[in-house]
1. Would you check which residues across region 38-80 are closer than 23 Å to Val149 by Cβ and in a loop (DSSP other than H, G, I, E, B) and list them?
2. Quick test for you: out of Met4, Met70, pick the one residue that is within 20 Å of the chain's Cα centre (by Cα), crowded, with 16+ Cβ neighbours inside 10 Å, modelled with pLDDT under 90 and closer than 20 Å to Ala175 by Cα.
3. If you check Val220 against the conditions, is it part of a helix (DSSP H, G or I) and either over 27 Å from Leu51 (Cβ atoms) or in contact (Cβ under 8 Å) with a residue 12 or more places away in the chain (or both)?
4. List pairs: first in region 22-44 and more than 15 Å from Leu111 (Cβ to Cβ), second modelled with pLDDT under 85 and in a helix (DSSP H, G or I), Cβ under 8 Å, 6+ apart or cross-chain?
5. Under 27 Å from Leu50 (Cα atoms) and assigned to a helix (DSSP H, G or I): does that describe Ile132?
6. Here are some residues: Ala210, Ala163. Which one is more than 18 Å from Arg77 (Cβ to Cβ), under 18 Å from the mean Cα position of the chain (by Cα), of a type in the set (A, V, I, L, M) and crowded, with 22+ Cβ neighbours inside 10 Å?
7. Of all residues being of a type in the set (Gly, Ala, Ser) and at pLDDT 85 or above in region 16-40, which is nearest to Ala175 (Cα to Cα)? Just the residue, please.
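The values are calculated or read from the model by the stated rules, or taken from the named source; none is laboratory data. Predicted model, so just to flag it, every value in this text is computed and none were measured. Ideal geometry is used to build each Cβ from the backbone, glycine not excepted, and the neighbour counts take in all protein chains shown.
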Amino acid sequence: MRAMLAVARREFAAYFATPVATVFIVIFLVMSGTLTFTVGGFFARGQADLLPFFNFVPWLFLFLVPALTMRLWAEERRLGTVELLLTLPITAGQAVVGKFLAAWAFCAVALALTFPLVITVNYLGEPDNGVILTGYLGCLMVAGAYLAVGAAISAMTRNQVIAFVLAVAGCFLFAAAGSTIVTEFLSTNLPWLAEVARGLSVAERFAGFARGVIAARDVVFFASFIAVWLLLNAAILEHRKAD
């Protein structure tokens, strides 16, 4: 645990040592606010909740999280520092979890900075803040899922651009798996695959959190999803080290 936290602290500090943190947070806050108040029709709905915000978060993270993960391992491999990191008295798994926790904490900071939305909705009405808190928890789960996918893909290549493109494609696959278009197509052509796709949909699992429902199956899904991709990440690093 001590080794993982050491890696996490190092990585978290590294985000704020470069413009990456500022750019990510500013883009996220501007886009989330713009989509919530314009496309989401925050005022036009006449309801005191943050559903317009939560509806867009999985799709915002679809592009922003891969931009965060593309450098996690691709840059380390390009510079050759991954070999140096793995010669330290830590395992590949500890390094993977440490980097993941740092990126996840950074996403939590970005989400926390959207607190003016919570203040606004409480000023305008009497929302159920328990539902809002659950929605934010769901956003954090989605961020963790995308981070795990992006980190594993970043470990496969030395090129950050390739890591970004592949991570966006991979995250989109899991985000759109439960959409109406995909499920209707699969129901017509591959009925057995329709339920599998719906079950693997990150957006579908997040919908319950946005409504204020914490279902055990959704929590287990996100925990298992993240664990599988982190294990894959560690396996890739071990394989690369063996090469």
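1. Met70, Arg71, Leu72, Trp73 - these are the residues of region 38-80 that are closer than 23 Å to Val149 by Cβ and in a loop (DSSP other than H, G, I, E, B).
2. Selected residue: Met70, the only one of Met4, Met70 that is within 20 Å of the chain's Cα centre (by Cα), crowded, with 16+ Cβ neighbours inside 10 Å, modelled with pLDDT under 90 and closer than 20 Å to Ala175 by Cα.
3. So Val220 does not fit the description; no.
4. From region 22-44, the pairs are Phe37/Phe43.
5. Values: under 27 Å from Leu50 (Cα atoms): yes; assigned to a helix (DSSP H, G or I): yes.
For Ile132, the condition - under 27 Å from Leu50 (Cα atoms) and assigned to a helix (DSSP H, G or I) - is met.
6. Numbers: Ala163 fails: more than 18 Å from Arg77 (Cβ to Cβ).
Of Ala210, Ala163, the one residue that is more than 18 Å from Arg77 (Cβ to Cβ), under 18 Å from the mean Cα position of the chain (by Cα), of a type in the set (A, V, I, L, M) and crowded, with 22+ Cβ neighbours inside 10 Å is Ala210.
7. First pass over region 16-40, keeping only residues of a type in the set (Gly, Ala, Ser): 17, 21, 32-33, 40.
The next check asks that each one be at pLDDT 85 or above; those that pass are 32-33.
Values: Ser32: 18, Gly33: 21 Å.
Among those residues, the one meeting the criterion is Ser32.
One line per residue, one yes/no per condition, for (1) hydrophobic (A, V, I, L, M, F, W, C); (2) crowded, with 21+ Cβ neighbours inside 10 Å:
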| residue | (1), (2) |
| --- | --- |
| Tyr15 | no, no |
| Ile25 | yes, no |
| Ser32 | no, yes |
| Val39 | yes, no |
| Ala44 | yes, no |
| Gln47 | no, no |
| Glu76 | no, yes |
| Leu88 | yes, no |
